[in-house]
Amino acid sequence: MTLRVANLDDQSALDGLFERSYPTLLKDVYDAETLKMALPQMIRAQPALLSSGTFFVWDCAGTLAGAGGWSVDKIRADKGHIRHVATDPAHLRKGIAQALILHCLTTAKAAGITEMECWSTRYAEGFYATLGFSAIGPIDAMAGGTVAFPSIRMTMFL
């Protein structure tokens, strides 16, 4: 298994990863109507992230087992945001997401980021808490810029 920087050639494989991950992992913590509206937006890889140099994939013999990254805040250059994290359900509980987030935090800190924020799904709130993120409160993440998706705003200082 190899952790590497994602690129635009990964878009189709990432779409597949998101399609395997989000509907499966979120079905028990969100109602069907919310998922019906949000999932079509959430299961598409974002080309800007793929070409950012700060979005990463776990490549397992040509199949993506996990992905995620970070971006710099639009207002504060010392603040970052965890972005579009997913693990293939077949690879849960193997440390993939943890290693991915730790890599994001390390690369962000090296780039001068002092605070990292994530808008966690209800499913992942406990995971982020174990990594040191603190919940600030609820927030509606805008899936695809158009669909309000109930999330938990979390932060940590690096």
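The values are calculated or read from the model by the stated rules, or taken from the named source; none is laboratory data. Everything numeric in this text was worked out from a predicted model, so none of it was measured. With ligands, DNA and RNA removed, areas are computed over all heavy atoms of the protein, side chains included. Shrake-Rupley method; radii C 1.70, N 1.55, O 1.52, S 1.80 Å.
Quick look at the values:
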{"quantity": "Solvent exposure, largest accessible area first (probe 1.4 Å, DNA, RNA and ligands not counted), of Met42, Met37", "calculated": "Met37, Met42"}
{"quantity": "Computed lengthening from Thr63 to Thr146, 0.36 nm per intervening residue step minus Cα-Cα distance", "calculated": "26.9 nm"}
{"quantity": "Contour minus Cα-Cα distance for Asp9 and Ala135 (0.36 nm per residue)", "calculated": "41.9 nm"}
{"quantity": "For Glu33, solvent-accessible area (1.4 Å; no DNA, RNA or ligand), Å²", "calculated": "100 Å²"}
{"quantity": "Lys27 accessible area, 1.4 Å probe, all protein chains in place, Å² to nearest 10", "calculated": "120 Å²"}
{"quantity": "Probe 1.4 Å, all protein chains present, accessible-area order of Ser52, Ser12, largest first", "calculated": "Ser12, Ser52"}
{"quantity": "Shape of the chain, Cα gyration tensor, a/c cut at 1.5", "calculated": "rounded"}
{"quantity": "Pairwise centroid distance, computed over Cα atoms, of the range 87-111 with the range 61-79, Å", "calculated": "10 Å"}
